[in-house]
Amino acid sequence: MQIIGTHMSIAKGWDKTAENVVRMGADTMQVFSRNPRGSGYRDPKDTERELFQKIRREHGFGPLLAHAPYTMNLASAQEKVYEFACTVIREDLARMDALGMENLVFHPGSHTGIGVEAGIRNIIAGLDQAVTGQEKTMVLLETMSGKGTEIGARFEELKAIRDGAAHPEKIGVCLDTCHIYSAGYDIVNDLDGVLEEFDRVLGLSLLRAVHLNDSMTPYASRKDRHAAIGKGTIGLEVLLRVMEHPALKHLPFYLETPNDDQGHADEIHMLREMLKSRKEN
Ligand code: FE
Ligand code: FE
Ligand code: ZN
């Protein structure tokens, strides 16, 4: 059975958030590793942490995913921006590792004019000052839509980042269905072909997580606008095929759809019902 979670706010505490995951009928969650639009963070107190770990253990949560803040740009040539990104990825990898989070995903970054190659060099150096090689937490590169000067809309760019890193064995990939469709990978008409290309360039074994989103914008639009499941240009049928695909079905799927907790709970329920009825037929 597929592992399904959603993006959750950690504002009410790690323990309360884990309780909410259970209540929603989810098996896992994604949370921000710190304030997504600022720089602050609050680590759980001892009792909060213990309760969080207990709930997670007792309910057999699937892999937990932390998402680095949007405010960091590890590709930047601006010193202050770059130093901040280096600090965030270094601190948050250590913090998420201490919490036993299985994966930490980040947006590779935007080169803002210095070019893809120079941007990738910055990302690699930033990763190398963060990843010691001793972590249990894997760092995931997210597949991006390619808006503006975003790096990571081509599988080759993610491959170059990983290959350049001192600890490639600690670096995996998170596939975002909305982003890759916007980037020009046609999962609607040729899911197999896209996954074959991923396998050829990166290797399917590097995939650790899927962001399951529909898209508000057309194929190859290079925009990043998530839609609720079945309400966008990708559609329910294709997203179900993604979840059922032999190369993907064992992975954790995280919804990042524009919904509140109840909306996410409804989406998870709907997906499970659809998957079940398709299996029976
Ligand atoms: Fe993301
Ligand atoms: Fe995403
Ligand atoms: Zn997105």
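Assign unit charges at the C-beta atoms only (+1 for Lys and Arg, -1 for Asp and Glu), then state the dipole size of the range 1-154 relative to its Cα centre in Debye, rounded to the nearest 20.
Roughly 340 debye, rounded to the nearest 20.
Show me the helices of the chain, taken as full DSSP H stretches, that run 24 Å or more along their long axis by Cα and average -1.0 or above in Kyte-Doolittle hydropathy.
Membrane-span-like by this rule: 79-98.
In deg cm²/dmol and to the nearest 500, what is the mean residue ellipticity at 222 nm of the chain if only DSSP H runs of at least 4 residues count, each as -39500 (n - 2.57), divided by the residue total?
The helix contribution divided over the chain gives -12500 deg cm²/dmol.
Which FRET efficiency, nearest 0.05, do residue 279 and residue 247 yield, Cβ-Cβ r, R0 22 Å?
Efficiency computed from Cβ-Cβ geometry: 0.80.
Given R₀ = 35 Å, FRET efficiency for residue 200-residue 149 by Cβ-Cβ distance, to 0.05?
Between residue 200 and residue 149 the formula returns 0.85.
Taking a virtual spin label 7 Å from the Cα of residue 91 along the C-beta vector, which residues in the range 49-68 bring their backbone nitrogen under 15 Å of it?
68
So for the chain, considering every pair of alpha-carbon atoms, how many percent are separated by more than 35 Å?
Everything past 35 Å amounts to 12 percent.
Compute the distance in nm between two label points, each set 7 Å from the Cα along the Cα-to-Cβ direction, one at residue 237 and one at residue 16.
Each label point is offset 7 Å from its Cα along the Cβ direction, giving 4.3 nm.
Suppose R0 equals 22 Å; then what is the FRET efficiency for residue 35 and residue 134 from their Cβ-Cβ distance, rounded to the nearest 0.05?
Calculated transfer efficiency: 0.25.
Once you charge only the Cβ atoms, +1 for Lys and Arg and -1 for Asp and Glu, what is the size of the charge dipole of the range 4-280 about its Cα centre, to the nearest 20 debye?
400 debye
State, in angstrom, two size descriptors of the range 1-88 derived from its alpha carbons: Rg to one decimal place and Dmax to the nearest whole number.
Cα only, the range 1-88: 15.1, 46 Å (Rg, Dmax).
Between residue 45 and residue 272, what length in nm is gained on full extension when 0.36 nm per residue of separation is reduced by their alpha carbon distance?
Contour length minus the Cα-Cα distance gives 78.3 nm.
Can you tell me the alpha carbon radius of gyration of the range 142-197 divided by the globular rule-of-thumb value 2.2 N^0.38 Å?
Against the compact-globule rule of thumb, the ratio is 1.16.
Each reported figure results from applying straightforward, stated rules to the coordinates on display, with no laboratory input. The model shown is predicted, which means the values in this text are computed figures rather than measured ones. Neighbour counts run over all protein chains shown; Cβ positions are idealised from the backbone, glycine included.
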